[in-house]
Amino acid sequence: MRKKTLKPQLTYYDIAEGVTAFSSTRHGGYSQGNYGEFNVNLYCGDEPDDIADNRKALCQLLRIDKDRLVMPHQVHGTGIAQIGKTFFRLSEEVRTQVLEGIDALMTNEKGVCIGVSTADCIPIIIYDPEHHAACVVHSGWRGTVANIAGVAVTSMQMAYHSRPEMLRAVIGPGISLENFEVGDEVYDQFAAAGYPMEQIARKYEKWHIDLWQCCRLQLADVGLQEAYIQAVGICTFDQCHDYFSARRLGVNSGRVLTGIILR
């Protein structure tokens, strides 16, 4: 039995009325060590009982049923799953299969929390106020090179008839340019993809890449208005006491959950 009931501490984002958008912090959960305290990711080696208790606490805080918390098993690709009513009629086993190898989720279902996990990679929330639809994106460096943010916007256009110029976006906690040191092979992949390297890269002893700026450019390139793109500027590496950072804590550590619920 737990000695006390804990309350997850979340960072909330003001996108629009009728939505709850947030990123989790490390505080207010049951996990221990480098998973401490609040981790809800199933795939990073944390204790299953701690994950289950953290998920229960989160769902209570968000006022949703536990099966309405939907998170994929990410693979640093560009796969996107649409979560509709039929998803919740599937067995748990089939739901898991649907969410395998997926790095972005989108929905227009109310009362559903779609979320992605990060620990230095960049989470992006995209909201369509015209059609009350949303997408969450996991954009690590590989996904960023592959323009997953642009793929997500195109997918919302196809699924919900979203107009890019009306979309709102939040670029959530992730590693900053100052702390994202990369090898020449990573720099070369960004350059080969056509990024303006003078805007997104800086040379110290090694190259550093600005993933925040990459994501901002991708969203602008597919039609989002600059005024509607909010970068929160939280560096997970610098603030690893409040947000999980794989580069600071190792891969055997917790993950930040960034999610949105349509009300």
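The values are calculated or read from the model by the stated rules, or taken from the named source; none is laboratory data. Every value quoted in this text rests on a predicted model; they were computed, and no experiment measured them. In this analysis, Cβ positions are derived from the backbone assuming ideal geometry, glycine residues included, and neighbour counts consider all displayed protein chains. Calculation scope for accessible area: heavy atoms of the full protein, side chains included, ligands and nucleic acids excluded. Shrake-Rupley method; radii C 1.70, N 1.55, O 1.52, S 1.80 Å.
Between K110, K56, K85, the Gaussian network model of the chain with springs among Cα atoms under 10 angstrom shows the greatest mean-square fluctuation at K85. For the stretch 58-148, applying the loop criterion from DSSP together with a ceiling of 13 other beta carbons within 10 Å to the GluC sites (Glu not before Pro) yields E130. Between T25, T78, T154, the GNM of the chain built on Cα springs shorter than 10 angstrom shows T154 fluctuating the most.
Considering only DSSP beta bridges whose two residues both sit in the chain, what percent are antiparallel, to the nearest 5? About 75 percent, rounded to the nearest 5. Charged side chains reduced to their Cβ positions (Lys and Arg at +1, Asp and Glu at -1) give the stretch 81-201 a dipole of some 720 debye around its Cα centre.
Multiplying the residue separation of Q239 and K206 by 0.36 nm and removing their Cα-Cα distance gives an extension gain of 9.6 nm. Computed from backbone phi with θ = phi - 60° and the Karplus coefficients 6.51, -1.76 and 1.60, the 3J(HN,Hα) list for the stretch 128-145 is 10, x, 6, 10, 6, 10, 8, 9, 10, 10, 9, 10, x, 5, 5, x, 5, 4 Hz; x is used for glycine and proline.
Each peptide in 155-162, 195-202, 254-261 gets a packing score, the mean of other Cβ atoms within 10 Å over its residues, and the list from highest to lowest is 254-261, 155-162, 195-202. Considering only I114, I64, I171, the mean-square fluctuation computed in a Gaussian network model of the chain, springs between alpha carbons under 10 angstrom, is largest for I64. Annotation: peptides 230-242, 132-144, 207-219, ranked by per-residue average of other Cβ atoms within 10 Å with the highest first, follow the order 132-144, 207-219, 230-242. Relative contact order for the stretch 27-90: 21 percent, from Cα pairs under 8 Å spaced at least 6 residues apart, divided by residue count. With protein chains left intact and a 1.4 Å probe, residues in the chain average 45 Å² of accessible area per residue. Expressed as a fraction of 2.2 N^0.38 Å, the value expected for a compact globular protein of N residues, the C-alpha radius of gyration of the stretch 5-120 is 1.05. Take every pair of alpha-carbon atoms less than 8 Å apart whose residues are at least six positions apart; their mean separation over the length of the chain yields a relative contact order of 25 percent.
Assuming charge only on the beta carbon of Lys and Arg (+1) and of Asp and Glu (-1), the dipole of the stretch 1-108 about its Cα centre is about 400 debye to the nearest 20. Estimated translational diffusion coefficient (Stokes-Einstein, Kirkwood radius over Cα pairs, 20 °C, 1.002 mPa s) of the stretch 1-72: 167 µm² per second. P(r) tail for the stretch 184-259, what percent of Cα pairs lie past 17 Å? Counting pairs separated by more than 17 Å, the tail of P(r) holds 59 percent.
The simple spin-label model puts a point 7 Å past each Cα toward its Cβ; for D188 and R247 those points are separated by 2.1 nm. Close amide-amide hydrogen proximity is noted between T236 and G174, I175, S176, each under 5 Å apart and 5 or more residues distant or on a separate chain (H modeled in the peptide plane; Pro and chain starts excluded). As a fraction of the 1.4 Å probe accessible area of the stretch 207-263, surface on carbon and sulfur atoms comes out at 46 percent. Equivalent ellipsoid of the chain: semi-axes from √(5λ) of the C-alpha gyration tensor, largest first, are 27, 23, 16 Å.
With a simple spin-label model that places each label point 7 Å from the Cα along the Cα-to-Cβ direction, the separation between D49 and H131 comes to 4.5 nm.
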